[in-house]
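Only one structure is covered here, and it is reproduced in the block below.
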Amino acid sequence: EFDFSQLEVAVLAHVTGDLQLIDDIKHGRDIHSELFKQMFKRFPTKDERKWFKRLTFGLIYGAGAKTLAENAGCDIHVAKEFIRTFYSRYPSVQLWNIEIEKRSRIESKYEAGETIKTFRMKTETGRLYVFKEYLSKFSDTKTHTFSPTELKNYPVQGLATGDIVPMMLGILFRKLVGRDDVKLVNTVHDSILLDVKDTVLTTIIKEVKQTLNNTHKYFEATFNKPLALKLTAGVQVGKNWYDMEEIK
């Protein structure tokens, strides 16, 4: 099982151009631990990092303070302080979130026969997102708004697992097609699973890791755009999907 390291976080750094986030990932800093330390003035224990990590990904996926608190099992005041801490460390992420919401208001329009507005956004890879307004849950005046979660989350998830992962699956397929000693089996989010004969295991690990670690080169060649970060992949091996061990 090959798994891209911090794919969504790296893509968020790329999309927003946040220099601190790019620097943290480039230098191998664990962003969950760094944010925890910024809030609590010390690094987290393993258990503390586990629940705190839910705050990080929840915010990246577009959740608000209430949802963050519920998902992480913490007080809402902690969730609100986390949001302030996150945007203080990564200000360009907040600016990007504000900008995309602003664009949705300015560029949206009524399409033929519809009573709600549509916002169409094309990305650097050519993907077209079509956002529709929803009836706001937080207004008594039946106001329609675009979902902040969709606006913040779709471009990041779409680039990560909608563009990059399928692109690399195609690259790997063309490298491995026709071979009887290795087969592409499945993907789970940003993980790629292969069934490999023991006799070629070491060779395949080296070949696939090298390919995935060159994702930035394939991306630029495919889309004529550079990635802000070089992506890396880890690997786990086992006789079955349950008994997997990480290979350094």
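The values are calculated or read from the model by the stated rules, or taken from the named source; none is laboratory data. Since this is a predicted model, take the numbers as computed values, not measurements. Positions of Cβ are backbone-derived with ideal geometry, glycine not excepted, and every protein chain shown enters the neighbour counts. Areas reflect the complete protein model, heavy atoms only, side chains present, ligands, DNA and RNA absent. Shrake-Rupley method; radii C 1.70, N 1.55, O 1.52, S 1.80 Å.
Looking at the stretch 122-135, which of its residues are free of Cβ contacts under 8 Å to residues at least 60 places away in the same chain and loosely packed, with under 14 Cβ neighbours inside 10 Å?
Selection gives 122, 128, 130, 134, 135.
Taking the residues in the stretch 57-74 that are under 22 Å from residue 156 (Cα atoms) and in a loop (DSSP other than H, G, I, E, B) as candidates, determine which candidate is most open to solvent (accessible area, probe 1.4 Å).
61
Looking at 109, 66, 80, can you tell me which residue is out of contact with any Pro (no Cβ under 8 Å at 6 or more places or on another chain) and at pLDDT below 95?
Among 109, 66, 80, only 66 is out of contact with any Pro (no Cβ under 8 Å at 6 or more places or on another chain) and at pLDDT below 95.
Results for (1) part of a helix (DSSP H, G or I); (2) touching a Lys or Arg at 6+ places or on another chain (Cβ under 7 Å); (3) surrounded by 18 or more Cβ atoms within 10 Å (Cβ to Cβ); (4) at negative phi, shown as yes or no for each residue.
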{"position": "113", "(1), (2), (3), (4)": "no, no, no, no"}
{"position": "120", "(1), (2), (3), (4)": "no, no, no, yes"}
{"position": "152", "(1), (2), (3), (4)": "yes, no, yes, yes"}
{"position": "164", "(1), (2), (3), (4)": "yes, no, yes, yes"}
{"position": "169", "(1), (2), (3), (4)": "yes, no, no, yes"}
{"position": "172", "(1), (2), (3), (4)": "yes, no, yes, yes"}
{"position": "175", "(1), (2), (3), (4)": "yes, no, no, yes"}
{"position": "178", "(1), (2), (3), (4)": "no, no, no, no"}
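Determine, yes or no, whether residue 54 is free of Cβ contacts under 8 Å to residues at least 24 places away in the same chain, closer than 26 Å to residue 162 by Cα and open to solvent by 30 Å² or more (accessible area, probe 1.4 Å).
Against the criterion (free of Cβ contacts under 8 Å to residues at least 24 places away in the same chain, closer than 26 Å to residue 162 by Cα and open to solvent by 30 Å² or more (accessible area, probe 1.4 Å)), residue 54 qualifies.
Rundown of residues vs (1) touching a residue at least 40 places away in the same chain (Cβ under 8 Å); (2) under 15 Å from residue 4 (Cα atoms), yes/no style:
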| site | (1), (2) |
| --- | --- |
| 152 | yes, no |
| 157 | yes, yes |
| 176 | no, no |
| 186 | no, yes |
| 197 | no, no |
| 201 | no, no |
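Residue by residue, here is whether (1) in a helix (DSSP H, G or I); (2) among the small types (Gly, Ala, Ser); (3) in contact with a Lys or Arg (Cβ under 8 Å, 6 or more places away or on another chain) holds:
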{"site": "3", "(1), (2), (3)": "no, no, no"}
{"site": "9", "(1), (2), (3)": "yes, no, no"}
{"site": "12", "(1), (2), (3)": "yes, no, no"}
{"site": "20", "(1), (2), (3)": "yes, no, yes"}
{"site": "24", "(1), (2), (3)": "yes, no, no"}
{"site": "29", "(1), (2), (3)": "no, no, no"}
{"site": "33", "(1), (2), (3)": "yes, yes, yes"}
{"site": "38", "(1), (2), (3)": "yes, no, yes"}
{"site": "42", "(1), (2), (3)": "no, no, no"}
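When residue 93 is evaluated against the numbered criteria (1) modelled with pLDDT under 95; (2) open to solvent by less than 10 Å² (accessible area, probe 1.4 Å); (3) of a type in the set (A, V, I, L, M), which criterion, by number, is the only one it fails?
Result: residue 93 fails condition (1) only.
Return only the number of the condition from (1) more than 21 Å from residue 158 (Cα to Cα); (2) under 20 Å from the mean Cα position of the chain (by Cα) that residue 188 does not satisfy.
(1)
How about the stretch 1-32: which of its residues are open to solvent by 10 Å² or more (accessible area, probe 1.4 Å), among the charged types (D, E, K, R), free of Cβ contacts under 8 Å to residues at least 60 places away in the same chain and within 30 Å of residue 237 (Cβ to Cβ)?
Across the stretch 1-32, the qualifying residues are 29, 30.
For the stretch 208-222, which positions are open to solvent by less than 50 Å² (accessible area, probe 1.4 Å), closer than 20 Å to residue 235 by Cα and part of a helix (DSSP H, G or I)?
208, 211, 212, 215, 216 - these are the residues of the stretch 208-222 that are open to solvent by less than 50 Å² (accessible area, probe 1.4 Å), closer than 20 Å to residue 235 by Cα and part of a helix (DSSP H, G or I).
Restricting attention to the stretch 102-111, report how many residues are open to solvent by less than 60 Å² (accessible area, probe 1.4 Å) and in contact with a helix residue (DSSP H, G or I) (Cβ under 9 Å, 6 or more places away or on another chain).
1
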